[in-house]
1. Within 25 Å of B:T129 (Cβ to Cβ), within 8 Å of chain B (Cβ to nearest Cβ) and at pLDDT 85 or above: does that describe A:I295?
2. Take the residues of the range B:207-222 that are of a type outside the set (S, T, Y) and more than 13 Å from every other protein chain (Cβ to nearest Cβ): which is surrounded by the fewest Cβ atoms within 10 Å (Cβ to Cβ)?
3. Which of the residues belonging to the range A:177-188 are open to solvent by 30 Å² or more (accessible area, probe 1.4 Å) and more than 15 Å from A:G51 (Cβ to Cβ)?
4. Which residue is modelled with the lowest pLDDT, if the candidates are limited to the range A:244-288 and must be open to solvent by less than 10 Å² (accessible area, probe 1.4 Å) and more than 14 Å from chain B (Cβ to nearest Cβ)?
5. Name the single residue, out of those in the range B:17-43 being among the β-branched types (V, I, T) and under 14 Å from B:L176 (Cβ atoms), that is least open to solvent (accessible area, probe 1.4 Å).
6. Conditions: (1) at the interface with chain B (Cβ under 9 Å from one of its Cβ atoms); (2) touching a strand residue (DSSP E or B) at 6+ places or on another chain (Cβ under 6 Å). A:G130 meets all but one. Number of the miss?
7. Across the range B:263-277, what is the total count of residues that are at positive phi and open to solvent by less than 20 Å² (accessible area, probe 1.4 Å)?
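The values are calculated or read from the model by the stated rules, or taken from the named source; none is laboratory data. Computed from a predicted structure; not experimentally measured. Cβ atoms come from the backbone with ideal geometry, glycine included; neighbour counts cover every protein chain shown. Side chains are part of the model used for accessible areas, which takes the heavy atoms of the whole protein and leaves out ligands, DNA and RNA. Shrake-Rupley method; radii C 1.70, N 1.55, O 1.52, S 1.80 Å.
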Amino acid sequence: MTDRARPSYWHGEKAASDRPTGSRGRKLDIFLQLTLNGLAVGCIYGLVALGFVLIYKATELVNFAQGDLLMLGAFVCYMAVVWWGLDYWLSFLIAVLAVAAFGALLDAVLLRRVIGQPQFAVVMLTIGLGAVFRTFASVTWGSEIYTLPTPFGGVTRIAGVTISHQYLSIIVGTLILCSVLYGFFNHTRIGVAMQATSQNQLAAYYMGIPVKRIFSMIWAISAGVATAAGVLLAPVTLIDINMGLAVALKAFAAAVLGGFGSIPGALVGGIVIGLIELYAGATLPDGFKDTAPYIVLLVMLVVRPQGLFGTPGRKKV
Amino acid sequence: MRFPFKTSYEQDTRLFRDRIDASWYVLLAALVVLLPAVLPAYYVGETTWVFIYAITGVSLMVLVGYTGLVSLGHAAFLGIGAYAHAFFIEHGVPWVVSAAMAVTLATACGLVVGLPALRMTGIYLAIATLAFSVIIQEVFSRWESVTHGLSGMAVPKAHIFGVSFGGETAFYYLCLFFLVLALWLTRNLLRAPTGRAWIAIRDSEIAAQSMGVNLAIYKSIAFAYSAGLMGLAGVLFAHKIAFLAPDIFTILLSIQLLLLVIVGGLGSLHGAVFGAIFVALLPPVIAILRDSIPASFHDFSAASGLAPIGWFGDAIGNFLKKPGVEAGIFGVILVLVILLEPLGMYGRWVKIRIFFSTFPMYKRATFKRQRSYMKTERLR
């Protein structure tokens with residue numbers, strides 16, 4: 001369940017701790033190395049958390065199947081690259097589109113029916129869906145661990161810091177994706193309509209915004225973002241049916257850390273969780289790597305229950 | 001048709017609704033007590049699982065179904081109860097003392113987790129309990145002097161006052177005793193002011209507060225009581241499973257426990273028992289189907305001369321043999337229950353009962369849910 005069951009896959013941290021830690025410069029190098037890898041890992045958490053937050057802001061549903069959408073996306077891309085022999089970028093596009101369409105379908109067929117039911121019921125519904133997706137993946141693609149061939153194999157050395165292109169691709173990909181989403185939400189008609197819908201559903205209806213279609217589109221975007229995260233993550237963690245679960249739990253922590261419902265909060269929360277994870281793995285005793293993010297989260301929830309970027313308030317009767 | 005005629009308010013808080021109701025329960029009790037005499041040992045063992053799961057169900061029902069607090073980490077309390085009991089037994093503590101200490105420890109942990117929970121609601125609480133269970137699971141695997149870490153911990157059979165409860169039948173009665181105890185305690189709490197306060201908190205925190213319910217106290221009681229019951233279930237769980245390993249008490253188990261109360265029916269103790277029957281008996285049923293479906297389909301195709309039916313049976317058998325299919329079947333059932341019958345098995349049972357008791361006059365609209373338009377849980 002936790003990452004312990006899987007091979008220690010964020011290899012940056014291993015490489016860093018193996019090196020002799022004599023001089024001061026070395027320590028700085030290791031620190032930079034950890035920061036870079038932590039940023040990359042955090043970007044993935046941030047992207048998945050972004051998916052949570054997008055759906056939550058619009059529909060008030062909490063989608064626990066986000067991690068499994070990520071897994072499905074990675075598998076679709078793997079299938080396109082390895083089984084069908086397509087180009088990496090084309091496969092990436094196919095995976096994003098396919099899973100986005102699937103997300104929209106999911107909303108139209110299932111999740112639209114449970115809007116207005118208690119939040120808890122919806123959480124359980126998506127947990128159930130996640131289990132179904134994992135079973136589907138294990139029946140369709142098998143339960144082995146797969147490697148996705150990517151064009152990012154090499155490393156670059158800058159002033160003693162080794163930058164793996166896989167990690168770099170994650171950071172750059174996240175930046176591109178975020179700026180595209182930012183532009184979309186602020187400068188297109190549909191994006192503004194989405195913002196309006198998430199602020200006030202009823203008023204959005206009155207303004208002639210097709211709220212149901214907007215919801216489906218948000219699901220599609222969120223599933224697409226999850227897929228992008230999955231494909232970027234695939235070379236690092238390798239692909240298997242449980243890859244989404246470990247990521248989703250931490251991404252969930254990230255979303256809560258940032259204040260559920262805040263998009264910049266989700267990204268910042270993701271990066272914070274990623275950095276904490278790697279720093280704790282390198283400096284603290286064994287076992288803290290997986291738990292440190294949660295310890296920080298618990299402390300955070302006790303001190304500031306609304307999260308870093310959330311606004312406190314009271315429910316009205 | 002039977003009309004319960006109310007003559008006093010105390011009627012609403014009776015242990016049983018009326019004599020007829022009580023006699024049904026006596027009949028059920030007699031049936032359950034006599035069951036091991038007729039069932040083969042294997043099925044007695046499976047029924048014991050039902051009892052253990054039912055205790056966990058009662059525990060979660062108090063928290064989720066009655067107080068409206070969602071916990072995604074209750075497997076941690078089950079684990080605390082199980083590990084504590086196994087540890088004390090290993091150090092020669094008598095069974096009753098050991099079980100009592102394990103339950104107390106779980107209750108204390110519940111209180112500690114419950115304290116920050118007082119400030120959180122909904123999804124924040126769920127993630128906080130999830131974080132707690134991840135940390136506890138790590139503790140189970142790292143604190144090797146107590147839990148033996150990843151190599152696991154063997155649990156001996158139960159010995160109480162020199163009497164061995166190692167046999168399937170004896171352990172069956174032990175679990176039955178504790179289930180009845182748990183149900184009786186919980187039912188009594190629920191019909192007392194504590195239970196009414198819990199229900200008030202579930203339905204509206206603000207309304208409960210303005211009626212004078214102290215949210216902090218009653219939420220803490222709910223958390224501690226639920227954790228304590230989970231610890232009790234953990235004690236029995238440890239004996240039943242006989243070997244504890246940290247990867248038993250994962251979030252998947254927590255989810256399975258939540259599935260139990262949802263499929264059973266939130267907000268009723270019957271639901272906890274129904275859900276336990278479902279969760280405990282589905283895996284053996286799948287295992288039986290896995291072998292019997294291809295065989296029976298083959299018999300049918302041989303008898304009727306239709307070969308495709310045999311292939312179809314093989315396909316189903318092969319599908320059920322794949323790893324992880326069980327989780328998928330649980331998932332499908334969970335999705336269907338939430339979409340089609342949010343009140344779970346107990347809700348369906350009530351509908352059927354009312355259909356017959358009001359026979360020609362049954363109206364579907366009795367159970368029609370009111371759809372709320374954008375019932376926001378978001379603050380601001």
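1. Values: within 25 Å of B:T129 (Cβ to Cβ): yes; within 8 Å of chain B (Cβ to nearest Cβ): yes; at pLDDT 85 or above: yes.
It is true that A:I295 is within 25 Å of B:T129 (Cβ to Cβ), within 8 Å of chain B (Cβ to nearest Cβ) and at pLDDT 85 or above.
2. Here is the first cut: in the range B:207-222, the ones of a type outside the set (S, T, Y) are B:207-209, B:211-217, B:219, B:221-222.
Of the ones still in play, those that are also more than 13 Å from every other protein chain (Cβ to nearest Cβ) are B:212-214, B:216-217, B:219, B:221-222.
On the way: B:G212: 8, B:V213: 18, B:N214: 13, B:A216: 11, B:I217: 12, B:K219: 24, B:I221: 20, B:A222: 27.
Restricting to residues being of a type outside the set (S, T, Y) and more than 13 Å from every other protein chain (Cβ to nearest Cβ), the top hit is B:G212.
3. Matches in the range A:177-188: A:S179, A:Y182, A:N186, A:H187, A:T188.
4. The selected residue is A:L278.
5. Taking the range B:17-43 as the starting set, the residues that turn out to be among the β-branched types (V, I, T) are B:20, B:26, B:32-33, B:38.
Checking which are under 14 Å from B:L176 (Cβ atoms) leaves us with B:32-33.
Values: B:V32: 30, B:V33: 70 Å².
My answer is B:V32.
6. With respect to (1) at the interface with chain B (Cβ under 9 Å from one of its Cβ atoms); (2) touching a strand residue (DSSP E or B) at 6+ places or on another chain (Cβ under 6 Å), A:G130 is out only on (2).
7. Of the range B:263-277, the ones at positive phi are B:265, B:267.
Now narrow it down to the ones that are open to solvent by less than 20 Å² (accessible area, probe 1.4 Å): B:265.
Looking only at that region, the number is 1.
Here is a yes/no grid of residues against (1) outside the structural domain of B:G149 (by TED's automatic domain parsing); (2) within 26 Å of B:A99 (Cβ to Cβ):
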site	(1), (2)
B:T250	no, yes
B:V263	no, no
B:S292	yes, no
B:A302	yes, no
B:L306	yes, no
